[in-house]
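Here's the structure, in structure tokens; my notes come after.
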Amino acid sequence: MRLLRTINLAIKSLLLHKMRSALTMLGIVFGVFSVIAMLAIGEGASRKAQDQVLELGANNIIVVSVKPPQQASNNEQSSGFGMFRYGLLRDDMKLLGNGAIPHVTAVIPIREVTKEARYLHRTMNSRLVGCTPEYFDINHLGMRSGRFLTQHDGEKLSNVAVIASDVADTLFPGDNPLGKSFQVEGDYYEIIGVTRSRTASAAIGGSLSGQDYNKDVYIPLETMQVRIGDDNFQRGQGSMTSESIQLHVITLQVDDSAHVISTADVIRETLELNHAGKNDYDVIVPMELLEQARQIRLIFNLVLGSIAAISLVVGGIGIMNIMLATVTERTREIGIRRALGAKRRDITEQFLTETIVLSGIGGIIGVILGVLTPHAFAGIQWLIDNLGTASAPGENAFDNIFSGLKPIVQTWSLGLAFGISVGIGVMFGVYPAISAARLDPIEALRHE
């Protein structure tokens, strides 16, 4: 009963100055809200990064061709037509395949070239991908119609192709492309399938670029070797560059995640046999990237949480300031209570309860706002998307940053933020409460 009476008295005292109490509480509200929101956004960003890494396959090892910077610069400056050769070789695939590397269950080679696809008067720049049937599964593709490439297509060097959704919609608007033939650099390919639309993958580090799978044309790797060859010529302004590359990517699947790291080391040593002294390839291990993403998540949460906690401290300073002013205003009241028998402990409890009520209510409101963070963020994304439609694609930088990012409110952050808000209320309310309790009753009664 004594506790309830103290709380009731504290609430009545705070309601005497509603505006002042509300403004003081506002600092705690925004402090708690910012802690929860910052941690939710940090968790969402981290989860997005981890999902992007997991798309590569936790049991996969990806070897990519990399253009050596120094040699690439010399090649661009040369005026002749000498062929610049670099990157992964078909011999590398033989070294890594056929059971040569323990625990490797599949070796999937890929070659990519940007080409113009044409059907009648319609054209489109697309990525021509020479691949094997396993490409479909490792990149999580789906079929909209028709079928994907088979081993038989490669063995027969068939001029068949599977086109992505954007290619189908651009070259064959409102028409069924299956069975039709289209042209890629003088060669005709029969369309046997159309893949479903797929979200683009993000770039990973400096070696693996982002992939837009909706503008791809897939043909058998063996057909690409015969029809396109290894050489690629590119015309620039008054110059021509030429390069020869056999394979752009080799993806290796490992039987168990426990063997991924050790297998990656074996792959690096094996590739040195064909690339001694050359820096024209890179080995990417998604599992290592995933562990890095998890470590960054902890750092991210710590930094964002600390920044947000500063606003809570500012709110606590506001509470102390108001409570010190309140003590001065209520000096005569304190003197009367002391004269009627109230002890110092009673005065301390009264003022400390007022600060706890202020910070507690502010903390509850802040938690409610924090829980609504994903909905508020979705509203901001909707607004950005609508603003982005008025500008050309790629001009809206915010759209690229927030695309696919969903804040994830962590349950433990709600209790943490609320506990910190109450703790700050107590910490910054102790001094004003003690100051009130130490007032001399006689001097307090004389106060005007």
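The values are calculated or read from the model by the stated rules, or taken from the named source; none is laboratory data. From a predicted model like this one, the values you see are computed outputs, not experimental measurements. Cβ placement follows ideal geometry from the backbone for every residue including glycine, while neighbour counts extend to all protein chains displayed. The accessibility values were calculated without ligands, DNA or RNA, using every heavy atom of the protein model including side chains. Shrake-Rupley method; radii C 1.70, N 1.55, O 1.52, S 1.80 Å.
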* Solvent-accessible area per residue for the chain at a 1.4 Å probe radius, Å²? -> 52
* To do: Could you list which residues have their amide H under 5 Å from that of Met143, counting only those 5 or more apart in sequence or on another chain, with H placed in the peptide plane?
  => Arg196
* Structure fact -> Taking Cα atoms, the helix 373-388 axis meets the longest principal axis of the chain at an angle in degrees (rounded to 10) of 50
* Taking amide H positions as placed 1.01 Å from N in the peptide plane, with prolines and chain starts having none, which residues 5 or more places from Leu128, or on another chain, fall under 5 Å of its amide H? -> Val113, Thr114, Lys115, Val217
* Karplus-derived 3J(HN,Hα), 6.51/-1.76/1.60, for each residue of region 151-163, Hz, glycine and proline x -> 4, 5, 4, x, 5, 8, 6, 5, 8, 10, 8, 10, 10
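At 1.4 Å probe size, with the rest of the protein present, what percent of the exposed accessible area of the chain is carbon and sulfur atoms? Write out the running numbers ahead of the final one.
Working: 13650 of 23380 Å².
Percent of accessible area from carbon and sulfur atoms in the chain: 58.
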* To do: Find, among the trypsin sites (Lys or Arg not before Pro) in region 232-323, those assigned to loop by DSSP (not H, G, I, E, B) with at most 16 other beta-carbon atoms within 10 angstrom.
  => Lys278
* So what J values fall out for region 405-419 if you push phi through Karplus, 6.51 cos²θ - 1.76 cosθ + 1.60 with θ = phi - 60°, rounded to Hz, Gly and Pro as x? -> 8, 10, x, 10, 6, 8, 4, 5, 5, 5, x, 5, 5, 5, x
* Using r as the Cβ-Cβ distance of Asn176 and Ser242, and R0 as 41 Å, what FRET efficiency do you calculate, to the nearest 0.05? -> 0.60
* Amide H to amide H, which residues 5 or more places from Ala106 or on other chains are under 5 Å from it, using H placed in the peptide plane? -> Gln253
* Please state the equivalent ellipsoid semi-axes for the chain: what are the square roots of 5 times the Cα gyration tensor eigenvalues, largest first, in whole Å? -> 68, 24, 19
* Asked: Over the alpha carbons of region 98-141, what is the largest minus smallest coordinate on each principal axis, giving the biggest first in Å?
  -> 51, 19, 11
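Counting only C-alpha contacts under 8 Å and six or more residues apart, can you give the relative contact order of region 104-202 as a whole percent? Present the calculation step by step, with values, prior to reporting the outcome.
Working: 156 pairs, mean separation 30.0, N = 99.
Once divided by the residue count of region 104-202, the mean separation gives 30 percent.
Exceeding 21 Å between C-alpha atoms, which entries from my cross-link table qualify? They are Lys48/Lys115; Lys94/Lys278; Lys115/Lys215; Lys115/Lys180; Lys156/Lys180; Lys67/Lys278. Mind dumping the intermediate values first?
Numbers: Lys48/Lys115 32 Å; Lys94/Lys278 19 Å; Lys115/Lys215 11 Å; Lys115/Lys180 19 Å; Lys156/Lys180 19 Å; Lys67/Lys278 10 Å.
In this structure, Lys48/Lys115 exceed 21 Å between Cα atoms.
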